[in-house]
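The values are calculated or read from the model by the stated rules, or taken from the named source; none is laboratory data. Since the structure is predicted, the reported quantities are computational estimates derived from the model, not experimental observations. So basically every Cβ, Gly included, is an ideal-geometry build from the backbone, and we count neighbours across all protein chains shown.
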Amino acid sequence: MGAEALPPSSDHAEERLFDFLRARHGEDMRVETLSGDASTRRYYRLLSRGGTTVLALYPEPFRMAELSFAQVGALLADFGLPVPKIQGFDEDHGILELEDLGDLRLQDALPHASDSRRLELYREAARDLRTLQGEASAAHHDAPCFGVAFDTEKLVWELDYFRQHFLEGWRQCRLSAEERTTLDEGFHRLSAEIAGWPRVLCHRDYHSRNLMLHRDRLFWIDFQDARMGPATYDLASLLRDPYVELPDDFARELAEEFRRDAIPDESPATFGRRFDLMALQRNLKALGTFGFQAVERENTVYVPYMPRALSCAGAVLRRYPELAPLHRVLARQIQELQ
């Protein structure tokens, strides 16, 4: 994450940030702007005599008792999972002050890592997923994340997001009525199958840009949208990640290790299909996000990752004959999926 000096306040959100800083930290400090994610939050690093922290500036004031980041973070910490500590907050100013995890994401660490180190890091990430699923299944919590799930409606919405923002928005495809019907039917069948699988608690966005290497440990960030979903949801996000090119045999080996340890009663064939279909849905949804950011937000940072997401999706579409109608329509519109 690159950093730069904070410019003079230019909008109401940054006025809230300056008010917070003056009230809490006085003048003996320095603030740097950090590159953010695809959300509406903004991030800053605060450097003061007491050390460094990260400030998350929300678009609006919040109440801690209702803030999903705080709720899910506390739950994950109870499970023994590595998440940043909340050092302070200001509800009225819409600011969380967080433990500074540094700038080294898993995505950034991999190019400089040996083969054995890459395997070690991914095994750690997969082991933490098993911890999440095991602890959550044994827990008795009323946290809101246990009450929402990737049901058919949610999964269909995400696939329609891909159609709207990548297919029609970014690629400017013009679909016929027949093609729209085929996509609607294909998206619904895929979503209904996924929604029918057993559910566990999911991080919901578990990939190499949301895992920070800090104190020789992979810390989780961006977990506020946690919800119930398939056991393969987070695993497919990690191993069929558009941000990182992983060899297929490497991903398959790790996926099989996960199956043996986390859900040994599920056959390799059933698990393999569920892993593949989940990877397809996840990458189509990611393409929707990339398209939305590029067209609606004029943020092209995700454009370089589109080919990888298309490659992951195309491999699954070509592998399963029952996906042929969906594949034909998409391949007609997107050359990379042919």
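Brief remarks on what is shown
- Verdict on Leu17 being among the hydrophobic types (A, V, I, L, M, F, W, C), under 22 Å from Trp220 (Cα atoms) and in contact (Cβ under 8 Å) with a residue 40 or more places away in the chain: no
- In the range 236-251, the residues that are assigned to a helix (DSSP H, G or I) and charged (D, E, K, R): Asp248, Asp249
- Looking across the range 40-74, the residues that are more than 19 Å from Leu101 (Cα to Cα), of a type in the set (A, V, I, L, M) and assigned to a helix (DSSP H, G or I) come down to Met64, Ala65.
- One residue alone among Leu239, Leu201, Leu190 is within 22 Å of Val148 (Cα to Cα), within 15 Å of the chain's Cα centre (by Cα) and at pLDDT 95 or above, and that residue is Leu201.
- Residues that are among the acidic types (Asp, Glu) and either over 24 Å from Glu99 (Cα atoms) or assigned by TED's automatic domain parsing to the domain that holds Val54 (or both) do not occur anywhere in the range 202-215.
- Exactly one residue out of Ser114, Ser35 is exposed (fewer than 15 other Cβ atoms within 10 Å of the Cβ) and under 22 Å from the mean Cα position of the chain (by Cα), and it is Ser35.
- Of all residues making up the range 306-333, the number that are under 17 Å from Leu167 (Cβ atoms), in contact (Cβ under 8 Å) with a residue 40 or more places away in the chain, surrounded by fewer than 21 Cβ atoms within 10 Å (Cβ to Cβ) and under 24 Å from the mean Cα position of the chain (by Cα): 1
- Scanning the range 239-264 for residues that are surrounded by 19 or more Cβ atoms within 10 Å (Cβ to Cβ) and of a type in the set (Asp, Glu) turns up just one, Asp241.
- Check on Ala125, under 28 Å from Asp261 (Cβ atoms), touching a residue at least 60 places away in the same chain (Cβ under 8 Å) and either crowded, with 17+ Cβ neighbours inside 10 Å or not aromatic (Phe, Trp, Tyr) (or both): yes
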